Amino acid sequence: MIELFRAHIIDVPGDPLRGTAGLRAIEDGALAIDAGRIIDLGNYTELTARFPQAMQHDWSGATLLPGMIDIHVHFPQLPVIGSMGLPLLSWLSERTLPAEAALDNEAAARDAARRFLRSLAANGTTGALVFGSHIAAAQEAFFQEAADSGLRICSGLALGDRELPAPLLRSADQCYRESRELIKRWHNKRGVRYALTPRFSVSCSEAVLEVCGALMREQRDLLFQSHINENQDEIALVRRQFPWADDYFATYERYGLTGRCSVYAHNLHPAPDECERMAAAQVAVAHCPSSNAFLGSGSFPMQQHLKCGMRFAVASDVGGGTGFSLFKEGLAAYEMQRQRDDGVALDPAALLYLVTGAPAAILGMGDHVGSLDPGMLADFVIVAPASDGTLAAVLDAVTTPEQRLGALFTLAREECIAATYVGGREIYRRSG
Ligand code: GUN
Ligand code: ZN
């Protein structure tokens with residue numbers, strides 16, 4: 001059955017940062033979907049005439065955007081959001097890792113997974129690359145809940161054999177066996193994909209990184225995720241732990257942890273040549289601006305990433321990040337670039353691209369999701385603010401789609417997401 005969704009429609013079919021396209025916007029438009037795919041979009045009156053039998057969903061006045069995709073967010077860290085006052089390494093050891101150790105029983109892990117997945121959907125996020133738990137049973141519960149959620153989830157067991165609290169430590173051999181078992185159970189099963197997930201070089205001996213390389217060779221289509229160059233103390237520690245490595249990336253490079261589906265979070269302080277090698281290795285970067293500001297880690301050299309041709313997208317990094325809203329992260333990215341002498345002049349089209357088309361391409365899903373092109377899977381979000389709030393007042397005054405989108409990035413948050421659809425199926429509806 002064909003369905004028609006009436007709303008103001010905005011997406012970004014190309015890459016505005018590299019000049020291939022800007023906004024596509026249809027005031028009082030409609031999106032036609034059938035069997036979970038987009039079959040048409042255009043003016044509401046014209047589409048109604050073209051599909052007179054279609055079932056109508058009237059979201060007139062609201063804005064319909066492609067589903068947002070978060071390429072760096074930690075499943076066990078929802079309760080850590082807002083834990084103030086510490087830089088990265090002490091934030092990890094005093095607040096975050098102890099909280100992650102609490103997922104040591106199935107009920108706690110399942111409850112955490114449900115709340116986490118619901119928070120993604122409630123913020124208009126339809127897909128995510130999720131940093132998992134170090135505890136295999138908790139990660140198994142997460143995968144089960146992810147498969148049931150309808151979201152497009154890539155995730156994996158977090159790995160480390162040092163610099164972690166005892167309940168999270170695993171030997172290199174355990175890392176290998178537990179990862180291999182979860183890969184067998186979940187990679188490309190029930191809509192889930194597996195991402196190999198060494199936490200960061202700080203917590204991984206060479207034996208663990210070696211095991212990761214072996215797993216990547218055994219199963220070539222795995223995704224990969226880790227952290228890099230986030231904080232100066234962290235970088236100095238890596239230098240002491242790996243005296244043979246010229247820089248942080250070299251600690252991953254040696255073990256073959258590179259390639260088009262590899263995502264490194266942060267990269268705020270790359271060494272000379274490091275960005276160029278990362279770009280040549282075709283890895284991508286998750287830029288997490290609210291986390292970088294919250295933890296005082298530094299600011300993102302976006303211009304440098306653009307110049308060396310590195311792919312990047314904006315992500316939340318919950319719980320270092322200050323929430324799940326990718327609108328908020330877009331605003332934080334915009335503000336961070338405004339502060340830099342070499343800052344990239346981001347506009348609303350670039351921000352939307354950085355949370356839709358860019359992350360979709362990085363996760364190898366750019367042919368299916370990330371824009372509203374006919375033929376794409378019907379992943380989209382309806383944004384409708386309360387009628388008596390500031391955002392509604394601003395939207396009443398806008399005269400262009402750019403202004404509309406700028407207002408959404410600046411003011412729309414979780415409470416403005418009216419509904420979230422994945423593959424044409426409603427997976428979240430705001431109550432009330
Ligand atoms: N580096 C290693 N683990 C983490 C984490 O959980 N959050 C952030 N922001 N950086 C990390
Ligand atoms: Zn992170």
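Its Cα centre serving as origin, the stretch 211-295 has a Cβ charge dipole (Lys and Arg +1, Asp and Glu -1) of approximately 220 debye.
Between the Cα long axis of helix 232-241 and the first principal axis of the chain there is an angle of about 40°, rounded to the nearest 10.
Taking the fewest neighbouring Cβ atoms within 10 Å as the starting point, the ordered list for Trp186, Trp244, Trp59 is Trp244, Trp59, Trp186. Charge tally around Ala121: other residues with Cβ under 15 Å, Lys/Arg +1 each, Asp/Glu -1 each, net +1. Annotation: the antiparallel percentage among DSSP beta bridges lying fully within the stretch 29-176 is about 40. Just tell me which aspartates and glutamates come within less than 17 Å, Cα to Cα, of Lys307; anything on the same chain fewer than 8 places away is out. Once the sequence-local aspartates and glutamates are set aside, what remains near Lys307 is Asp15, Asp273, Glu274, Glu276, Asp341, Asp342. Comparing mean-square fluctuations of Gln303, Gln403, Gln339 from a GNM of the chain with C-alpha springs under 10 Å, the top value falls on Gln339.
Of the residues Ala147, Pro52, Val73, the one whose Cα sits farthest toward the positive end of the charge dipole of the stretch 30-150, with +1 on the Cβ of Lys and Arg and -1 on the Cβ of Asp and Glu, is Pro52.
Residues Val211, Val130, ranked from the fewest to the most other C-beta atoms within 10 Å, line up as Val211, Val130. For Lys328, the aspartates and glutamates whose Cα comes closer than 13 Å to its Cα, not counting residues fewer than 8 places off in the same chain, are Asp70, Asp317, Glu414, Glu415.
Counting only alpha carbon atoms, the long axis of helix 326-339 and the longest principal axis of the chain meet at about 70°.
The phi-based Karplus calculation (6.51 cos²θ - 1.76 cosθ + 1.60; θ = phi - 60°) puts the 3J(HN,Hα) values of the stretch 19-35 at x, 8, 5, x, 5, 10, 9, 10, 6, 6, x, 8, 10, 9, 10, 8, 6 Hz, whole numbers, x for Gly and Pro. If you take the square roots of the eigenvalues of the alpha-carbon gyration tensor of the stretch 75-120 and sort them as a ≥ b ≥ c, do you get rounded (a/c under 1.5), prolate (a/b over b/c) or oblate? Oblate, since a/c reaches 1.5 and b/c is not below a/b. Of the Cα atoms belonging to the stretch 111-174, the radius of gyration and Dmax stand at 13.0, 39 Å. The packing ranking, built from the mean of other Cβ atoms within 10 Å per residue, places the peptides 51-57, 319-325 in the order 319-325, 51-57, highest first. Computed from point charges on the beta carbon alone (+1 for Lys and Arg, -1 for Asp and Glu), the dipole magnitude for the chain about its Cα centre is near 660 Debye. Take the alpha carbon atoms of the stretch 216-284, find their center, do the same for the stretch 67-139, and report the distance between the two centers in whole angstrom. Result: 22 Å between the Cα centres. Take the Cβ-Cβ distance between Asp273 and Arg425 as r, set R0 to 56 Å, and report the resulting FRET efficiency rounded to the nearest 0.05. Taking R0 as 56 Å, the efficiency between Asp273 and Arg425 is 0.75.
Taking packing as the residue-averaged number of other Cβ atoms within 10 angstrom, the listed peptides 158-166, 294-302 run from highest to lowest as 294-302, 158-166. Going from the residue with the fewest nearby Cβ atoms within 10 Å to the one with the most, Thr20, Thr356, Thr48, Thr96 rank Thr20, Thr48, Thr96, Thr356.
Below 15 Å, Cα to Cα, which aspartates and glutamates can Lys189 reach? Residues fewer than 8 away in the same chain don't count. Hits, sequence-local ones excluded: Glu140, Glu145, Asp148, Glu181, Asp221.
The numbers here are math on the coordinates, done by the rules we state, and not lab data. On a predicted model such as this, the values are computed, not experimentally measured, just so you know. Reconstructed Cβ throughout: ideal geometry from the backbone, glycine too, with neighbour counts over all protein chains shown.
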